[in-house]
Amino acid sequence: MDATDQRILNLLQADARMTLREIGERVNLTPPSVSERIHKLEDEGIIEGYRIAINRAKLGFGVGGYILASPEPAKYAAFCAFCEEHPAVTEHHHLIGTYNALLRFSVRDTDELDALLSIIKTYGDSRTSVELSSYFYTKDLPFGEDPE
């Protein structure tokens with residue numbers, strides 16, 4: 001990966017909907033050359049996908065936060081399946097430490113949170129933190145020079 005690839009990554013992190021022409025103008029390449037580089041970054045697994053950010057609160061999911069969970073070893077596979085299937089669990093990370101799972105959740109209200117936690121406790125110990133506000137959701141990884 002060279003400096004031009006890094007600049008392309010910076011630009012896509014800032015705006016994944018930027019056109020090939022716009023990217024090309026900023027990195028001094030033709031749109032086909034930009035496309036080729038992006039496809040290579042995708043093929044190498046550096047770019048894993050393109051996603052949108054949804055304001056869950058505006059859709060009625062006003063309570064969000066994190067759950068540290070420590071499912072019993074015999075129940076871990078079932079716990080993982082539950083997390084993948086339950087719509088309130090929006091992220092699931094495997095950890096090492098006191099707890100071995102970090103979940104992010106988004107629910108409509110505290111009744112839904114209570115129901116979610118009731119199920120999670122059947123798998124083992126957990127601790128919950130409710131999000132009051134967020135300063136940022138994602139932070140771009142800095143590659144080479146700034147896109148501006």
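Annotations
- Check on Thr110, surrounded by 13 or more Cβ atoms within 10 Å (Cβ to Cβ), modelled with pLDDT of 95 or more and of a type in the set (Ser, Thr, Tyr): no
- Selection of the stretch 77-107 for residues being among the polar types (S, T, N, Q), more than 17 Å from Tyr137 (Cα to Cα) and buried (at least 18 other Cβ atoms within 10 Å of the Cβ) yields an empty set.
The values are calculated or read from the model by the stated rules, or taken from the named source; none is laboratory data. Given the structure is predicted, the values throughout are model-derived calculations rather than measurements. When we count neighbours, we look across all protein chains shown, and the Cβ atoms used for this are built from the backbone with ideal geometry, even at glycine.
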